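Down below is the structure, laid out as structure tokens.
The values are calculated or read from the model by the stated rules, or taken from the named source; none is laboratory data. Since the model is a prediction, treat every value here as computed from it, not as a measurement. Ideal geometry is used to build each Cβ from the backbone, glycine not excepted, and the neighbour counts take in all protein chains shown.
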Amino acid sequence: MAFMPQLSRLPATRYSRSVAQVGAAEVELLEALREGQESAFTALVEEYHASIVRVARTYVSNRATAEEVAQETWLAVLNGLDRFEGRASLKTWIFRILANIAQTRAQRDSRSLPFSSLGDESSEPAVDPERFAPAGERWAGHWKSYPERWDTLPEERLVGDETRSRIEGAIERLPSIQRQVITLRDIEGWSAEEVCSALELSETNQRVLLHRARSKVRQALEAYLAQDYEC
Amino acid sequence: MLISEDLTCQELVELVTEYLEGTLRPKDRDRFEQHVVLCDGCAYYLDQMRTMIALTDSLTEESITPEARESLLHVFREWKGG
Amino acid sequence: MVRAYKCLRPGRIGPFSGYRWPVGVWVEGGGNAALCLRGIHACRTEDLPYWLTQELWEIELDDDVRREHRKLVANRGRIERRIEAWTRASAAGFAEGCAARTEQRAMQARGEQAGRLAELAADAAANAAKGEAALLGFIAARAAELDSGTEGYADERRAQANWLASELGLEAA
């Protein structure tokens with residue numbers, strides 16, 4: 001029977017932090033930043049920059065643009081320091097600034113439409129219905145043939161660069177709102193609560209979007225891993 | 001599992017996200033797990049989903065490039081000076 | 001502190017979490033997505049037939065032990081002792097008993113259910129040799145339900161749990 005492979009090189013699953021107001025350590029950091037301490041800025045950048053670029057990428061079409069959006073975001077953060085009251089968490093606040101800048105930029109570059117509304121998406125099954133026995137048969141709704149076991153694959157296959165880029169590619173091809181949800185939840189490790197708050201989604205909507213996104217990415221990964229391994 | 005509690009594989013794959021989120025009601029969670037115990041196909045599917053999520057999580061390994069850090073320090077110093 | 005049982009896959013792997021359980025170490029549930037999503041799960045003897053896997057362990061549960069549908073849930077758990085008597089052979093014995101009862105129901109069945117019970121008996125026969133304990137338990141219970149409704153189902157499950165308790169020296173169901 002299947003079990004989760006003990007992938008030694010993957011980091012342990014992160015604890016998701018719940019939505020909080022700005023914490024004590026962050027208050028200190030912000031103070032230091034307001035006083036112009038470069039070390040405080042460096043600390044903040046080390047913490048958030050990579051994430052900001054990744055999230056920017058879910059709005060704009062290429063990495064260079066994402067880096068530009070990230071820079072603009074940092075400048076806006078610095079200019080907005082005096083106005084930040086700490087009622088939202090620092091992360092949420094930075095994200096809102098980022099979202100504004102990224103959306104504006106995306107629209108300007110006319111890459112993608114604003115968040116596609118849930119209503120536009122027709123129902124998408126998580127798995128192609130062809131994979132299951134049709135109605136009327138004794139085993140209607142059951143797998144015609146089982147999905148592959150990934151726990152018996154050599155680890156290099158799973159954690160390699162190619163696999164990684166397949167996942168990134170699959171995420172990039174998602175509708176923008178699904179891309180944003182899966183990026184924030186599964187790459188950035190935000191909690192469901194945080195994502196609902198940041199993207200203004202109901203709990204149910206967030207879950208449906210996550211479900212659709214994950215299903216598509218799994219399909220893409222499955223298609224890739226099913227290929228014969230070329231030596 | 002009683003007949004009334006039966007779950008097909010096709011139904012199960014639509015519940016995977018709720019299961020992993022912990023939002024299924026206890027009875028539905030029970031039906032889900034009962035089915036996984038009995039069905040290798042769905043056990044493999046659940047495993048695939050978990051593996052995919054763990055691999056996605058690992059996409060965070062990249063950190064800020066030296067060029068970006070330099071560039072941002074420049075931004076900071078300008079902001080400070082201005 | 002409550003003593004209960006934990007069904008794991010070979011190598012002490014959780015069947016739903018994929019987590020490899022350490023022996024003799026307290027494990028916390030809740031908050032870590034790699035483990036049981038809301039707490040540590042375990043079974044009483046009466047729940048075992050639903051969850052049987054290859055390895056059976058005794059588990060101590062601590063801190064807010066709650067009874068949920070067909071399982072116990074707690075915030076902490078520690079596995080210590082493997083039930084050595086639960087082997088491939090005893091799983092096969094369990095499966096054979098389930099298959100035999102299913103076969104008997106099929107033979108005695110009349111009317112509407114006869115066809116379905118015959119199918120189940122065939123399924124049981126096909127899988128009994130593989131020692132798929134949980135599957136055979138399910139087939140036998142399904143046959144009992146078709147035959148004598150939810151009461152029959154409950155009786156069959158109770159019989160399964162009693163067999164396990166007696167055969168493996170577990171706490172009475």
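Identify, from the list A:I171, A:I182, the residue that is out of contact with any Cys (no Cβ under 6 Å at 6 or more places or on another chain), under 22 Å from A:S89 (Cβ atoms) and among the β-branched types (V, I, T).
Just one listed residue meets the conditions, A:I182.
Condition first: surrounded by fewer than 19 Cβ atoms within 10 Å (Cβ to Cβ) and among the charged types (D, E, K, R). Now tell me which residues in the range C:61-70 satisfy that.
C:D62, C:D63, C:D64, C:R66, C:R67, C:E68, listed by residue number.
Can you pull out the residues in the range A:177-206 that are surrounded by fewer than 19 Cβ atoms within 10 Å (Cβ to Cβ) and within 12 Å of another protein chain (Cβ to nearest Cβ)?
Scanning the range A:177-206 gives A:G189, A:S191, A:E193, A:E203, A:T204.
Would you check if there is a residue in the range C:95-115 being within 11 Å of another protein chain (Cβ to nearest Cβ) and either among the basic types (K, R) or under 16 Å from the mean Cα position of the chain (by Cα) (or both)?
no
Do we find that C:W21 is among the hydrophobic types (A, V, I, L, M, F, W, C), more than 14 Å from chain A (Cβ to nearest Cβ) and surrounded by 18 or more Cβ atoms within 10 Å (Cβ to Cβ) in this structure?
No, not satisfied.
Counting only residues that are within 14 Å of chain A (Cβ to nearest Cβ) and in a strand (DSSP E or B), which one in the range C:28-63 is modelled with the highest pLDDT?
Looking at residues that are within 14 Å of chain A (Cβ to nearest Cβ) and in a strand (DSSP E or B), I get C:E55.
Please state which of the following conditions C:W86 fails to meet, knowing it meets all the rest: (1) within 13 Å of another protein chain (Cβ to nearest Cβ); (2) part of a loop (DSSP other than H, G, I, E, B); (3) modelled with pLDDT of 95 or more.
(1)
Taking only the range C:1-16 into account, find how many residues are facing another protein chain (nearest Cβ under 7 Å) and more than 18 Å from C:P49 (Cα to Cα).
Within the range C:1-16, residues that are facing another protein chain (nearest Cβ under 7 Å) and more than 18 Å from C:P49 (Cα to Cα) number 1.
Here's the yes/no breakdown for (1) within 19 Å of B:V75 (Cβ to Cβ); (2) in a loop (DSSP other than H, G, I, E, B); (3) within 12 Å of chain B (Cβ to nearest Cβ):
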| residue | (1), (2), (3) |
| --- | --- |
| A:L33 | yes, no, yes |
| A:V45 | yes, no, yes |
| A:I52 | yes, no, yes |
| A:T65 | yes, no, no |
| A:Q71 | yes, no, yes |
| A:W93 | yes, no, no |
| A:Q107 | no, no, no |
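Only one of (1) surrounded by 17 or more Cβ atoms within 10 Å (Cβ to Cβ); (2) part of a helix (DSSP H, G or I); (3) modelled with pLDDT under 95 is not met by A:L174, so which one is it?
(2)
Only one residue in B:L55, B:L59, B:L46 is closer than 20 Å to A:V127 by Cβ, at the interface with chain A (Cβ under 7 Å from one of its Cβ atoms) and in a helix (DSSP H, G or I), so which one is that?
Being closer than 20 Å to A:V127 by Cβ, at the interface with chain A (Cβ under 7 Å from one of its Cβ atoms) and in a helix (DSSP H, G or I) holds for just one of B:L55, B:L59, B:L46, which is B:L55.
Hey, does the range B:32-50 have a residue that's under 21 Å from A:L221 (Cα atoms), without any contact (Cβ under 8 Å) to a residue 24 or more places away in the chain and among the acidic types (D, E)?
Checked the range B:32-50: at least one residue is under 21 Å from A:L221 (Cα atoms), without any contact (Cβ under 8 Å) to a residue 24 or more places away in the chain and among the acidic types (D, E).
Between a first residue in the range C:60-77 that is hydrophobic (A, V, I, L, M, F, W, C) and a second residue that is surrounded by 21 or more Cβ atoms within 10 Å (Cβ to Cβ) and at pLDDT below 90, which pairs have beta carbons less than 6 Å apart while being 6 or more apart in sequence or on different chains?
If the second residue must be surrounded by 21 or more Cβ atoms within 10 Å (Cβ to Cβ) and at pLDDT below 90, the pairs left are C:V73/C:G39; C:A74/C:G39.
In the range A:207-231, which residue that is facing chain B (nearest Cβ under 10 Å) and among the basic types (K, R) is nearest to A:R164 (Cα to Cα)?
Residue satisfying both the conditions and the ranking: A:R218.
Give the residue, chosen from B:E5, B:E33, B:E70, that is more than 7 Å from chain A (Cβ to nearest Cβ) and under 30 Å from A:L75 (Cα atoms).
Every option except B:E70 fails the conditions.
Please work out which one of (1) under 20 Å from the mean Cα position of the chain (by Cα); (2) closer than 30 Å to A:R63 by Cα; (3) more than 8 Å from chain A (Cβ to nearest Cβ) is the condition B:T65 fails and give its number.
All conditions pass for B:T65, except number (1).
Could you tell me how many of the residues in the range B:8-30 are part of a helix (DSSP H, G or I) and facing chain A (nearest Cβ under 10 Å)?
Looking only at that region, the number is 12.
Somewhere in the range C:106-115, is a residue of a type outside the set (G, A, S) and crowded, with 18+ Cβ neighbours inside 10 Å?
No, that holds for no residue.
Which residues, taken from the range A:73-90, are in contact (Cβ under 8 Å) with a residue 12 or more places away in the chain, of a type in the set (D, E, K, R) and more than 14 Å from chain B (Cβ to nearest Cβ)?
A:R87
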